[in-house]
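Okay, here's the structure, questions in a sec.
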Amino acid sequence: MLDWQAIDTVLLDMDGTLLDLHFDNYFWSEHLPQRYCDIHGGDPEQVREQLLARIMRERGSLNWYCLDYWSRQLDVDIIGLKREIAHLVAIRPYVTDFLQALADSPRQVWLVTNSHRSGMELKLERTGLQRWMDHIVVSHDFELPKEDPRFWQQLAAQRHFDPTRSLLVDDTASVLEAAADYGIRHLLTLRQPDSKQPLREELAFPAIHHFDELMPALTAEARR
């Protein structure tokens with residue numbers, strides 16, 4: 001699937017790629033509406049519908065990912081509420097094996113996430129993913145989401161990498177499209193970002209279910 005000899009830099013998304021997206025989906029669709037009702041009152045089903053509609057209006061923007069924005073908008077402590085269910089944060093299968101194999105190779109490994117920094121730090125506390133990363137890139141620092149091609153331009157201006165020799169793995173098609181427009185050559189997505197949801201079919205980019213599918217060629221390279 002991949003020619004590892006043609007890849008120097010591996011750019012990895014966090015939520016839905018390295019981590020199970022179930023935590024985030026459950027938080028926004030179930031835990032937040034319930035806790036919002038506990039704090040502010042209201043009919044649970046009505047509140048849930050209204051909150052999801054408000055959230056979806058920001059999809060693809062930086063506000064969509066900004067915990068400070070939603071804390072202000074909803075008058076709740078979003079990161080505090082996330083900590084209440086932090087036990088649901090989970091690394092996807094074979095991720096640690098894959099990251100260790102990358103660490104044993106000569107490639108640079110970057111975490112490139114739209115996650116708000118406070119949410120990212122909560123997840124890194126739970127998982128320790130940072131131990132395998134050469135760089136951690138947070139899109140909020142650029143004031144642009146990864147869905148915006150200008151994000152990739154600014155990232156390349158700040159940290160040099162060759163897009164023609166880079167791999168991006170991300171579960172969001174619009175992010176992959178923006179990266180492709182910028183010139184990142186190797187692109188992969190995930191068939192099941194949320195372990196509680198069905199596998200996705202008819203995806204626009206090459207896809208894997210789990211990272212063990214990439215391991216044979218990577219480990220074979222190490223044995224040469």
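The values are calculated or read from the model by the stated rules, or taken from the named source; none is laboratory data. Bear in mind the structure is a predicted one, so any value in this text is a computation, not a measurement. Positions of Cβ are backbone-derived with ideal geometry, glycine not excepted, and every protein chain shown enters the neighbour counts. Keep in mind that these areas ignore ligands, DNA and RNA; they rest on the heavy atoms of the full protein, side chains included. Shrake-Rupley method; radii C 1.70, N 1.55, O 1.52, S 1.80 Å.
Identify, please: which residue in region 191-201 is crowded, with 17+ Cβ neighbours inside 10 Å and in contact (Cβ under 8 Å) with a residue 40 or more places away in the chain and is, among those, farthest from the chain's Cα centre (by Cα)? Show your work before the answer.
Within region 191-201, the subset crowded, with 17+ Cβ neighbours inside 10 Å is 192-194.
Add one more test, that the residue is in contact (Cβ under 8 Å) with a residue 40 or more places away in the chain, and what stays is 193-194.
Details: 193: 9, 194: 11 Å.
Of everything passing the filter in region 191-201, 194 is farthest from the chain's Cα centre (by Cα).
Let me ask another. Can we say residue 188 is touching a residue at least 40 places away in the same chain (Cβ under 8 Å) and either under 16 Å from residue 17 (Cβ atoms) or loosely packed, with under 12 Cβ neighbours inside 10 Å (or both)? So that I can check it myself, show each step before the final result.
Values: touching a residue at least 40 places away in the same chain (Cβ under 8 Å): yes; either under 16 Å from residue 17 (Cβ atoms) or loosely packed, with under 12 Cβ neighbours inside 10 Å (or both): yes.
Yes: the conditions hold for residue 188.
Kindly indicate whether residue 204 is aliphatic (A, V, I, L, M) and open to solvent by 60 Å² or more (accessible area, probe 1.4 Å).
Values: aliphatic (A, V, I, L, M): yes; open to solvent by 60 Å² or more (accessible area, probe 1.4 Å): yes.
Taking the combined requirement at face value, the residue satisfies it.
Counting only residues that are in contact (Cβ under 8 Å) with a residue 12 or more places away in the chain and assigned to a helix (DSSP H, G or I), which one in region 56-69 is most open to solvent (accessible area, probe 1.4 Å)? Step through it out loud before you land on a result.
Step one: filter region 56-69 for residues in contact (Cβ under 8 Å) with a residue 12 or more places away in the chain, giving 60-62, 64-68.
Then keep just the ones that are assigned to a helix (DSSP H, G or I); that gives 62, 64-65, 67-68.
Details: 62: 38, 64: 61, 65: 48, 67: 12, 68: 77 Å².
Checking each candidate, the answer is 68.
What number of residues in region 211-224 are touching a residue at least 60 places away in the same chain (Cβ under 8 Å) and either over 17 Å from the mean Cα position of the chain (by Cα) or not in a helix (DSSP H, G or I) (or both)?
First, pick out the residues of region 211-224 that are touching a residue at least 60 places away in the same chain (Cβ under 8 Å): 211-215, 217-219, 221-222.
If we keep only those that are either over 17 Å from the mean Cα position of the chain (by Cα) or not in a helix (DSSP H, G or I) (or both) too, we end up with 212-215, 217-219, 221-222.
So the answer is 9.
So, one more: Give the residue that is farthest from residue 122 (Cα to Cα), with candidates limited to residues of region 10-54 that are β-branched (Val, Ile, Thr) and out of contact with any Asp or Glu (no Cβ under 7 Å at 6 or more places or on another chain). Quick ask: steps written out before the conclusion?
Kept after step one, since they are β-branched (Val, Ile, Thr), are these residues of region 10-54: 10, 17, 39, 47.
Still in the running and out of contact with any Asp or Glu (no Cβ under 7 Å at 6 or more places or on another chain): 10, 39, 47.
Details: 10: 23, 39: 23, 47: 26 Å.
The selected residue is 47.
Right, residue 111: open to solvent by less than 40 Å² (accessible area, probe 1.4 Å), in contact with a Gly (Cβ under 9 Å, 6 or more places away or on another chain) and within 30 Å of residue 51 (Cα to Cα) or not?
Numbers: open to solvent by less than 40 Å² (accessible area, probe 1.4 Å): yes; in contact with a Gly (Cβ under 9 Å, 6 or more places away or on another chain): no; within 30 Å of residue 51 (Cα to Cα): yes.
No: the conditions fail for residue 111.
Within region 6-33, track down each residue that is in contact with a Ser or Thr (Cβ under 6 Å, 6 or more places away or on another chain) and in a helix (DSSP H, G or I).
Within region 6-33, just 22 meets the criteria.
Residue by residue through region 70-89, note down the ones that are under 19 Å from the mean Cα position of the chain (by Cα) and either without any contact (Cβ under 8 Å) to a residue 24 or more places away in the chain or open to solvent by 30 Å² or more (accessible area, probe 1.4 Å) (or both).
First, pick out the residues of region 70-89 that are under 19 Å from the mean Cα position of the chain (by Cα): 70, 78-79, 82-83, 85-89.
Hits for region 70-89 are 70, 79, 83, 87, 88.
Is it true that residue 155 is more than 21 Å from residue 105 (Cα to Cα) and either free of Cβ contacts under 8 Å to residues at least 24 places away in the same chain or acidic (Asp, Glu) (or both)? Explain how you work it out, then say what you get.
Numbers: more than 21 Å from residue 105 (Cα to Cα): yes; either free of Cβ contacts under 8 Å to residues at least 24 places away in the same chain or acidic (Asp, Glu) (or both): no.
Considered against the rule, which asks whether it is more than 21 Å from residue 105 (Cα to Cα) and either free of Cβ contacts under 8 Å to residues at least 24 places away in the same chain or acidic (Asp, Glu) (or both), residue 155 comes out as no.
Here is a follow-up. Scan region 73-92 and tell me whether some residue there is modelled with pLDDT of 95 or more, closer than 19 Å to residue 115 by Cβ and acidic (Asp, Glu).
Yes.
Here are the criteria: (1) in contact with a His (Cβ under 9 Å, 6 or more places away or on another chain); (2) open to solvent by 10 Å² or more (accessible area, probe 1.4 Å). Tell me which single one residue 95 does not satisfy.
Just one mismatch for residue 95, condition (2).
Among the residues of region 159-172, which ones are free of Cβ contacts under 8 Å to residues at least 60 places away in the same chain and either in contact with an Asp or Glu (Cβ under 8 Å, 6 or more places away or on another chain) or surrounded by fewer than 15 Cβ atoms within 10 Å (Cβ to Cβ) (or both)? Can you show your working first?
First, pick out the residues of region 159-172 that are free of Cβ contacts under 8 Å to residues at least 60 places away in the same chain: 159-160, 163-164.
Of everything in region 159-172, those that are free of Cβ contacts under 8 Å to residues at least 60 places away in the same chain and either in contact with an Asp or Glu (Cβ under 8 Å, 6 or more places away or on another chain) or surrounded by fewer than 15 Cβ atoms within 10 Å (Cβ to Cβ) (or both) turn out to be 159, 160, 164.
Would you confirm whether or not region 124-138 contains a residue that is among the polar types (S, T, N, Q), surrounded by 14 or more Cβ atoms within 10 Å (Cβ to Cβ) and within 13 Å of the chain's Cα centre (by Cα)?
First, pick out the residues of region 124-138 that are among the polar types (S, T, N, Q): 127, 130.
When the remaining residues are screened for being surrounded by 14 or more Cβ atoms within 10 Å (Cβ to Cβ), the result is 127.
In the following step, the residues that additionally are within 13 Å of the chain's Cα centre (by Cα) were identified as none.
No; the residues of region 124-138 include none that is among the polar types (S, T, N, Q), surrounded by 14 or more Cβ atoms within 10 Å (Cβ to Cβ) and within 13 Å of the chain's Cα centre (by Cα).
Which pairs do you get when a residue that is farther than 18 Å from residue 58 by Cα and touching a residue at least 24 places away in the same chain (Cβ under 8 Å), found in region 22-47, comes within reach of a residue that is of a type outside the set (S, T, N, Q) and open to solvent by 40 Å² or more (accessible area, probe 1.4 Å), reach meaning Cβ atoms under 6 angstrom, with the pair 6+ apart or on two chains?
22/196; 23/88
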